[in-house]
Amino acid sequence: PRFQDEEKAAGVFRGTVQHGLPLEIGDTVQILEKCEGIIYIHLKSADIKNKGQFETVIPNEDSVITEMTSTLRDWGSMWKQLYVVRDLFHRLWHVMNEILDLRRQVLVGHLTLDRMRDVKQHITARLDWGNEQLGLDLVPRRDFGMVDPDEISVTELYRLVRSTFHSTPIQPLCCPCYLRNRIPETPVPASTHHLFVQAKSLMSTNLGEELEVFFSIYDGREGRPLSERFFVRLNKNGVPKSPERQCTLFVDLGSSDLRKDVYVVAHIIRIGRMGAGEKKNVCSVQYRRPFGCAVVSIADLLTADSKDDHLLKVYACNTESEWYQIHENIIRKANARYNLSGLSVSLQLLHGDVEQLRREFMVLFSRGVSVTKKLGFSDIIMPGEMRNDLYITLEKGEFEKGGKSVARNVEITMYALDIDGQILKGQVAAGSGEPGADEYHSFVLYHNNSPRWAEQIKLPIPVDMFRGSHVRFEFRHCSTKDKGEKKLFGFSFVPLMQEDGRTLPDGTHELIVHKCEENTNLQDSARYLKLPCSKGNLPGNNQAVKGNKESFWITSFLCSTKLTQNGDMLDLLKWRAHPERIGDCLSKLKEIDGSEIVKFLQDTLDTLFGILDEGAQRYGLKVFDSLVHIINLLQDSKFQHFKPVMDTYIESHFAGALSYRDLIKVLKWYVDRIIEAEHQEHIRQVLKATEYIFKYIIQSRRLFSLATGGQNEEEFRCCIHELFMSIRFFLSQESSGPGPMNQTQVVFLQTFPAVYSELLKLFSVREVATFVRETLGSLPATLHSDCPLEAVKLQCIAKTVESQLVCVFSESRCILLPVVLRLLQVHMQEQRDLVMCAHILTSMLSLLKKDDSEQPLLEEVDLIVDSLLGVLLRTILEITNRPQPAGNTLRLQYQDGEFVACLLALLRQMSDKHYQKLLQCFTSKDDLRDFLLQIFTVFRILIRPEMFPKDWTVMRLVWDSYFYLAVIFINQPCLQLESFSSSKRKKVLEKYGDMRVMMGCEIFSMWQNLGEHKLNFIPAMIGPFLEVTLVPQPDLRNVMIPIFHDMMDWEQRRSGNFKQVEAKLIDKLDSLMSEGKGDETYRELFNSIRIPLFGPYPSLLKKIERETWRESGISLIATVTRLMERLLDYRTLSASQTHTKNTHLFVSFSALQNFYKTELNKEEMYIRYIHKLYDLHLKAQNYTEASYTLLLYDELLEWSERPLREFLNYPMQTEWQRKEYLHLTIIQNFDRGKCWENGILLCRELADQYESYYDYRNLSKMRMMEASLYDKIMDQQRLEPEFFRIGFYGKKFPFFLRNKEFVCRGHDYERLEAFQQRMLNEFPHAIAMQHANQPDQTIYQADAQYLQIYAVSPIPESQDVLQRDGVPDNIKSFYKVNHIWKFRYDRPFHKGTKDKENEFKSLWVERTTLTLVQSLPGISRWFEVEKRELVEVSPLENAIEVIENKNLQLRTLITQCQARQMQNINPLTMCLNGVIDAAVNGGLARYQEAFFVKDYIVNHPEDGDKIGRLRELMFEQAHILEFGLAVHEKFVPQDMRPLHKKLVDQFHLMKSSLGIQVSSSKGERGLSVRLSGKKPLHSPAVRARMFR
């Protein structure tokens, strides 16, 4: 059975087993057959697209998984190349591992929806970061999935890309806590801040008692707390008693709270004895006593490191009576008592939504974090927020001594009691962090009858228990005697709600202290509740209570979403109880605080519509104004979250079925009075509320229709039409300038689009569209440029286009489009508000879907094309030609990009019919030409922002623009598939094909249609067309190459030759190849022009065969091919980062430069390449070669006064001046290269010129320079370089090196091993040959690289200088290694049978002489071998040369020693030792045995003269050695005397072995040599002459 399953690899399998299939993670596998047995492939379902040869297998999985797989594959191929960029290498590695880990989580499928969303967001953020770092394409996404460009419009795609990559910068994501950096799911106002506090410990030396710490946020400017208190208990060691209760979050801080005068305050209370120093047995009762206070500014937290702990200084009071204001004293620095304690806390500011922070900072919230609320509501009140907190602050008290000699120690006990007098359990909270208690005990101030506490307590009493509840305060004196009794002496109380339902008003209350005894029963609250509680509301006749001197003050503050203290609000809600006060209540509604209104929003709205139903005639206007006030109240940012509450009320709770009549009536009444009204502020408030007024009108009408079956429908429609007539009338009013009327029109237009969706609930789409069209059409046509209505009109149009009316219902677009397009056309023509115009046009085109079958779509596109295509093109031209802001490298700004996207979207929607209709609109060819020029220009600007020449002819202007546009299109980077990754290239080819080939075919087709007009484009279009052929796409090249044949043919017809084509072709080729374009296959393709010339094109072949330019055409192609070979070689080498050290680059350069001179005769290019080579030499510090290179340009110039134009870096000057400058530059470089002899020749030439012009000043300088060069020759030491022969064999070498041999001048101190290593580094894939034999054809044709390197010896040309006696070695050294054309290499070998006793008999030498194309040194350190000569040197001739060379070396060293040119005598010592030791051990004796025997002389009679020469040289060597030992004896140091004596002794042995006798005459040593009975050949006089 055969199956068509598609699977995807889930792991890596190398496939090394037999018949194994190697798989990487993510590879897709198509299973064609399944057999019995084990299958190692994880099966996944997939779909096949484009079934057949180019089918694509797409796995059925989450698009994020697919993208991860392909992206990781692309990253993997690039990641290893980043090893040198170590930071990115490691970061990318971590990100790839993270993505793989997240990929596993997604594949498992066990994540919740919220967690899956977070993971996908994290994945895509990392994918985008990695792609950006690696320079890959960034992917536009929607809901974390890649979008298909074919499925959305161009404008929508542009918006998506821009919103994805330009709204928020991509942050590096390489930390585990990535969720901190992710974009929140819902926008959170920037003003929402929270403070995290963790109490760690109190560090003090005198603890021993438990402590209570109360944290709060305090406003130093206002002098009041901003938050409730956070309560932490510390044990006797100063650490929290409950670790799970040591953290809190102060929530809902506004941006205005993050300032320097807002503080975190910590009050510390100790639990223990009355006096800190009292003994333990004095009293066992525990009291709450003041300990200290610490303060830190919130502003300090904005700059401090949030991870560091803060150690806050703890201060004590100067006196206990100031404890209530100790924090203020610390802030004012008025408190100087520092009690040597430190409170350690962790403080961290957080920003955003609390629930989101809980998810992001899980570590912080894992410890049990309490929430400490702000006093009062936050800046933003959220609907559904339930809160009912009463805060009571114990302020102060005034008490009598009570018959005691000292003041009392007063403690307050506070209880909350319900309507029955029972204590409310757990409803008294000292602060967040600890659970509520049944009672609260204040701290005690020692001996103080006027104590001030300033302690805040929270009573979170439920709303249903508020009525009838009260708070009781009991006052006790705390004795410090042994028993430590607490005696009750009075109490106070305060009810929480008044009889009319209002709660205890906020503010300070002076309560009456009712005296009582310790045994007084306060359990029966009914007894004392009858008593007055506050002195503020006592009746005037109650003098007994007023005379009471004891008082107690508290401050209350209610924060409730259900209870109110406002009497006006209660009166309005209870309007039925007091119908006569309805008017006053409605009037006072505007004075009620907004937070009170939104708390009772539904009840308030029910009240208003209830009043409207029952008293519309009397209260209709006031109810309408009150409704407007509430609607506009919800526009405030503090209450805007209550809009959904009102929406829900309208949909579900609103019951005013008759209200629509009155609302329409009052609204029309206001609109009709706009024109006459002097003050329009209130009318603007009405218009600002238009959206919700219409919501009430529409919902009311719907309720009425449901109740009555649709009665009075015509009446309703008539009312709406009349209302819109009034609106259109007021909108049509024109004013001379910005004024009240304009402002009112602006307000209406800002709210009008919100009405559309409401009208659609009762009216048809066409009716609503007609309302909108007529309303917008009524606006004044011409307005002043500074009129605010202009911008608002566009904003209204933008909202209209984006509204449900246009987006959802296509039938409304044809109605509204004319209005929209007319307004856009006016603004774009006048270049006003282009940003908004682009936004509107983008939204409009995003709605159009490509479907030719829809007639409405065709009509819409027709309308847009007729109205906007021309002005859109002009707008793009206008904005792209504007001067760009400084420092801005982007050509297109935002609106520019949107306009471009709009143009592309419009062209995409246009069908053939649209294009035909557009072309028919042009009545003349001039109009059509102008349009084509305009659109070509726009396209060209879009692809390559360049300007056009203004002097083109009409015909050429249009067609040149077309061809240039096509060329730019083909060469744009986004189409160069070769630079893409394999996966991206595959996707592009599957979806779009290679658009370059399609455009190339269009170029070819258009070229063929030009006919005889082709001559107008030759040679101008050669460059652009050549640029297309450099794109490495074979099909594209094959399409373009025939055009060049056509150009050559037409040029030959016109001029009889194609010199213009040749010149343009060569110039452009050099320019393009230098820019890095073209490749190896291009060389072969261009060379194959011969094939299409004479091959597969029969018609072209017949045509060409009748022409006479066949040979010249082939010659041109051959020349161009050779030029390309050199250009490609040069470019390949110059791309190396170390090209200044690559010696073979200079060879390539020299070859290219020589080609321009000899074959192309292009002097200007030749000179340019001279200077490129010169700059390369200078960078490589090859100063001698740089001089020879620049000398090539110097030799082209004459000593004449011919003016020369500005060229390269040379100014405009005469030929004489430029040649003088070149001479001086070359002399300077010869000097730096220590080639002083060459510099002297140029000095002489320049001196002759100065002398002929009588320029004695410069002549003097030149002679001095010449003299300095002579001095350097004699005084400075020069190193003699070594020379190396190197052969490049194999097809893998560049063309200019392949199967050729060169001689290279080595660097200073460079020996054979170093040179060989350098060459192997430059050619890392080359194989070094280990022999010096010439390679065979196998090596020549090998598909590899072989290097053959060995040292060679120079053969100097100037032998007369070298052989002349008396010439210093400093001078001779120059001629030994300069101006060298020939080099020698000797390879010893044995011919015939080798004599083991004496190998000199058969030791021959194979001598190879290499002749170069140029002498060294020259313009390069390398030159190619032009000629190779091979000779064999016989053993006798070899012996003669060996002894001659050794004698020359000895004479040189002895002369240097005599002249004291040697710093030490070691070189002479070593040379003498080597020669004498070799002779003693058989060196010269072996020559005697080999060549002086009778057998050799008889067998080689032709060598008689050579044998005699060998005898003379041996005799000469003996004399030289004797003289050398005499010189050595004079200069040898004392420590080397034993060595000298040894040399003398060995010399005697040598003489005796050779038969040489010593004779002396007149005390002078003499030598007599008897060799074969002959007499001495040299006398002492001759001997002395040799060393003269």
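The values are calculated or read from the model by the stated rules, or taken from the named source; none is laboratory data. As the structure is a prediction and not an experimental result, all values here were calculated from the model. For neighbour counting, all protein chains shown are included, and Cβ atoms are generated from backbone atoms with ideal geometry for every residue, glycine included. We work out accessible area using only protein heavy atoms, side chains counted, and drop any ligands, DNA or RNA first. Shrake-Rupley method; radii C 1.70, N 1.55, O 1.52, S 1.80 Å.
Given the pairs Lys241/Lys313; Lys458/Lys535; Lys1394/Lys1446; Lys1219/Lys1272; Lys1382/Lys1427, which are separated by over 18 angstrom at their Cα positions?
Over 18 Å apart, Cα to Cα: Lys241/Lys313; Lys458/Lys535; Lys1394/Lys1446; Lys1219/Lys1272.
Taking 0.36 nm per residue of sequence separation and removing the Cα-Cα distance, the Met146/Glu1164 pair yields an extension gain of 361.1 nm.
Legend: calculated FRET efficiency, Asp506 to Asn206, from the Cβ-Cβ distance at R0 = 45 Å, rounded to 0.05, equals 0.65. The loop-placed GluC sites (Glu not before Pro) in the range 198-239, going by DSSP, that have at most 10 neighbouring Cβ atoms within 10 Å of their Cβ come out as Glu222.
Would you list Lys1261, Lys535, Lys425, Lys1446 from the most to the least accessible area, probe 1.4 Å?
Of Lys1261, Lys535, Lys425, Lys1446, the descending order of accessible area is Lys425, Lys1261, Lys1446, Lys535.
Annotation for Val835 and Asp1248: the two label points, set 7 Å from Cα along the Cα-Cβ direction, are 7.6 nm apart.
Loop-located chymotrypsin sites (Phe, Trp or Tyr not before Pro) in the range 1470-1532 (DSSP state not H, G, I, E or B) with no more than 16 neighbouring Cβ atoms inside 10 Å: Phe1492. Of the residues Cys807, Cys902, the one with the largest accessible area comes first in the ranking Cys807, Cys902, computed with a 1.4 Å probe on protein heavy atoms. Loop-resident trypsin sites (Lys or Arg not before Pro) (DSSP state other than H, G, I, E or B) in the range 449-496 with no more than 10 further Cβ atoms inside 10 Å of their Cβ: Lys481, Lys483. Under the simplified labelling scheme, the Leu1539-Tyr915 pair shows an inter-label distance of 9.5 nm, with each label point 7 Å from Cα along Cα→Cβ. In this structure, the pairs whose alpha-carbon distance is over 31 Å, taken from Lys236/Lys333; Lys590/Lys668; Lys1401/Lys1551; Lys236/Lys401; Lys761/Lys793, are Lys236/Lys401. Given their separation in residues at 0.36 nm each and the Cα-Cα distance between them, Phe1531 and Asn632 gain 312.0 nm when the chain is fully extended. Applying 0.36 nm per residue to the separation of Ser450 and Ser778 and subtracting their alpha-carbon distance, the gain on full extension is 110.5 nm.
Accessible surface computed residue by residue for the range 564-614, with neighbouring protein chains in place and a 1.4 Å probe, gives 44 Å² per residue. Legend: calculated FRET efficiency, Glu1313 to Thr1411, from the Cβ-Cβ distance at R0 = 22 Å, rounded to 0.05, equals 0.25.
The HN-Hα couplings worked out from phi for the range 1492-1502 by the Karplus form 6.51 cos²θ - 1.76 cosθ + 1.60 (θ = phi - 60°) are 9, 7, 5, 4, 5, 5, 6, 6, 10, x, 6 Hz, whole numbers, x standing for Gly and Pro.
With a Förster radius of 45 Å applied to the C-beta separation of Thr1393 and Glu1198, the computed FRET efficiency comes to 0.10.
Once both labels are positioned 7 Å from their Cα atoms along Cα-to-Cβ, the gap between Arg367 and Ala1478 label points is 9.0 nm.
In terms of accessible area, using a 1.4 Å probe and ignoring ligands and nucleic acids, Arg581, Arg1460, Arg1421, Arg1318 rank largest first as Arg1460, Arg581, Arg1318, Arg1421. The phi-based Karplus calculation (6.51 cos²θ - 1.76 cosθ + 1.60; θ = phi - 60°) puts the 3J(HN,Hα) values of the range 618-630 at 8, 10, x, 5, 5, 4, 4, 5, 5, 5, 4, 4, 5 Hz, whole numbers, x for Gly and Pro.
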